Amino acid sequence: MPLPRRRNRSTESQSDPRQALRSRAETIARERASQAPEKLESLEVGFERTLHELRVHQIELEIQNEELRRTQEEVEASRVRYFDLYDLAPVGYFTVNQQGLILEANLTAAKLLGVARGDIVDQPLSRFVLPEDQDTNYLHIKRLFKAGGPLEWEMRLVRKAAAPFWTCVEATRVDDADGASVCRAVVSDITERIRARQELIDAHSRSTAAYEELAAIYAHAPITMLVVDDQLRVIKVNDMAVRLAGREASEMLGLSPSEALQCSSSESPLSRIALDTITNGTRQDYFEDWLSSDAAGQPQQQCLLISTSPMQFEGRKRALVCAQDVTELKRTVRQLASALAEKTILLKEVHHRVKNNLAVISGLLRMQEDAHVSVEAKAALAQSQMRVHAMALIHEHLYGNDHLDRVNFAEYAQQLVSEMYAAFAGEPGRISLEVAADPIELALDRAVPCALILNELLSNAFKHAFPGERKGEIRISFREQAPGGLELAIQDDGIGSPASQGDPKTKSLGLSIVRILTTQLDGTLDQETCAGTRLVLRFPGAGARRLA
């Protein structure tokens, strides 16, 4: 029959253990006797008593065995829990004596060191400490045994076949079963923590260096810089602002930007612009304001070129105001503008005088033409007069133009063709003209040769394409041929010209001039087949610019 469990251990534990055991055995014996009664009438009274005692003693032994079995189960459960809590803990446990020998270590400690647990016990702890950290370890253990604990320190341990690693040691001094003082230490791998801490330190160092660099840039920037808060008060100024305003930084703080820089006008736009930047977050670039200054007792005005930019600090809106003294620049610009105006007037005067001189030459040629009777001489002088006029017309366009180095060749061609038509066409309506010129500006070194070529080719067309009363049409075109190239074409539907017009051996003065000018333009002159004559000049458009 199985033994019942104890029902009131607290009560039994308060009485004599032997008496409690006897009482439990007596109770169980009576319960068994009542459940299986035996006839003992035939037994003697003394023997019956002895049998009862034997049964009670047997039950006591059974109870003790049951208690022993239960205790063994509890011990085994405790051992399992001890294994889980001690050997499989996420940290290493060490027990070290005063001589520095490891008396005990858990499995995690062995795993941290990369060795078997048997290779740790009875070994000096210093064997597993990085040489550079052994003094630190020695001093802390010595202090621990002298003063108690707990103590905490960091050191590097050596792992077999691996790099050293950082650990955090938390240790205390206790007495073992024999009364000897030992060190109980908890060791944690903090390599990642050290790495993260070092990264934070490095990041902080970089941030500090960057902040110091930015602060130095702000303080020593060669332009005036002010930081303005949302109440339109100056809260920070750099050295350049102090020098520009001619007052101490403390005197500028709390003022509006206009007041801080002592802007001359009561309606200075600086404060208004700064407020707009703070309120709406708009960036303002390059507006001018004037600052009153007093140099050597003489009141002066300084021109500031100001820009603003929105910024935020700790959730509050700010404006960065940057100002640069451009007084000297403004003065230089005015001087350059004045000098440029003078140069422009002089150049216009030069072109005007060149045009007048060419007009004088043209007049002399006309007088010479009138003095000659020979038809050939008159024609040669008239041709020379037209060439001079073509050059004079270039200078006239330059004189009347805002640009003294470029000519709108389309406008020039229209005027030259009109004047040549009036001079050569004869009977009105007999020869019609069509000019198709793109609005392209030519540099002076391109415009003059091109104008003379146009003059020569158009003169030839008027003189030779339509003999007698023959009617016809002349077409002039000027356009971009390809990127970087220009084309001037003169075409007529007259009687045609010999193919030798483009031949370099041709001894005509006009065509010789055309060939020389074509070479000067780095171009080519081609005669193309058509019902009449078509001559095409192609040359690089260096410096040319198409107008809108």
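Numbers for the structure displayed
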{"item": "Answer residue from the range 128-137, given it is in contact with a strand residue (DSSP E or B) (Cβ under 9 Å, 6 or more places away or on another chain) and not acidic (Asp, Glu) and is farthest from THR172 (Cα to Cα) among those", "result": "LEU130"}
{"item": "Of the criteria (1) modelled with pLDDT of 80 or more; (2) loosely packed, with under 13 Cβ neighbours inside 10 Å; (3) not acidic (Asp, Glu), which one SER42 fails", "result": "(1)"}
{"item": "Hits in the range 214-239 (condition: at pLDDT 90 or above and assigned to a helix (DSSP H, G or I))", "result": "ASP239"}
{"item": "Yes/no for GLN198 being at pLDDT 90 or above, assigned to a loop (DSSP other than H, G, I, E, B) and exposed (fewer than 14 other Cβ atoms within 10 Å of the Cβ)", "result": "no"}
{"item": "Scan of the range 137-156 for residues that are of a type in the set (Phe, Trp, Tyr) and touching a helix residue (DSSP H, G or I) at 6+ places or on another chain (Cβ under 8 Å), ordered by number", "result": "TYR138, TRP153"}
{"item": "Those residues of the range 434-443 which are surrounded by fewer than 17 Cβ atoms within 10 Å (Cβ to Cβ), in contact with a helix residue (DSSP H, G or I) (Cβ under 7 Å, 6 or more places away or on another chain) and aliphatic (A, V, I, L, M), in sequence order", "result": "VAL435"}
{"item": "The range 425-472, residues that are of a type outside the set (D, E, K, R) and part of a strand (DSSP E or B)", "result": "ILE431, SER432, LEU433, VAL435, ALA436, ALA437, ILE440, LEU442, ALA443, GLY472"}
{"item": "Residues of the range 299-326 satisfying the condition of being at pLDDT below 85 and polar (S, T, N, Q)", "result": "GLN300, GLN301, GLN302"}
{"item": "Qualifying positions in the range 114-124 - within 13 Å of GLY92 (Cα to Cα) and either part of a helix (DSSP H, G or I) or among the acidic types (Asp, Glu) (or both)", "result": "ARG117"}
{"item": "Residues satisfying the stated conditions in the range 217-235, i.e. closer than 20 Å to ASN280 by Cα and in contact (Cβ under 8 Å) with a residue 12 or more places away in the chain", "result": "LEU226, VAL227, VAL228, ASP229, ASP230, LEU232, ARG233, VAL234, ILE235"}
{"item": "Of all residues making up the range 149-188, the number that are assigned to a loop (DSSP other than H, G, I, E, B), under 23 Å from ALA116 (Cβ atoms) and touching a residue at least 12 places away in the same chain (Cβ under 8 Å)", "result": "6"}
{"item": "Test: residue in the range 117-126 that is surrounded by 20 or more Cβ atoms within 10 Å (Cβ to Cβ), assigned by TED's automatic domain parsing to the domain that holds ARG173 and within 50 Å of the chain's Cα centre (by Cα)", "result": "no"}
{"item": "Qualifying residue in the range 158-178 (condition: surrounded by fewer than 17 Cβ atoms within 10 Å (Cβ to Cβ), among the β-branched types (Val, Ile, Thr) and closer than 18 Å to LEU107 by Cα)", "result": "yes"}
{"item": "Wholly within the range 240-284, helices (runs of 4 or more DSSP H) carrying at least 1 residues that are of a type in the set (Lys, Arg) and surrounded by fewer than 19 Cβ atoms within 10 Å (Cβ to Cβ)", "result": "269-280"}
{"item": "Residues (more than 12 Å from ALA171 (Cβ to Cβ) and in a strand (DSSP E or B)) located in the range 93-104", "result": "LEU101, ILE102, LEU103, GLU104"}
{"item": "Residue check for ASP189: acidic (Asp, Glu), surrounded by 10 or more Cβ atoms within 10 Å (Cβ to Cβ) and closer than 30 Å to LEU88 by Cβ", "result": "yes"}
{"item": "Which listed residue is more than 30 Å from ALA105 (Cα to Cα), touching a strand residue (DSSP E or B) at 6+ places or on another chain (Cβ under 6 Å) and either among the polar types (S, T, N, Q) or outside the structural domain of GLY114 (by TED's automatic domain parsing) (or both), from LEU232, LEU214, LEU226", "result": "LEU226"}
{"item": "Residue among LEU112, LEU107 that is closer than 22 Å to THR172 by Cβ, in contact with a helix residue (DSSP H, G or I) (Cβ under 8 Å, 6 or more places away or on another chain), of a type in the set (A, V, I, L, M, F, W, C) and assigned by TED's automatic domain parsing to the domain that holds CYS168", "result": "LEU107"}
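The values are calculated or read from the model by the stated rules, or taken from the named source; none is laboratory data. Quick caveat: nothing in here was measured; it's all calculated off a predicted structure. Cβ atoms come from the backbone with ideal geometry, glycine included; neighbour counts cover every protein chain shown.
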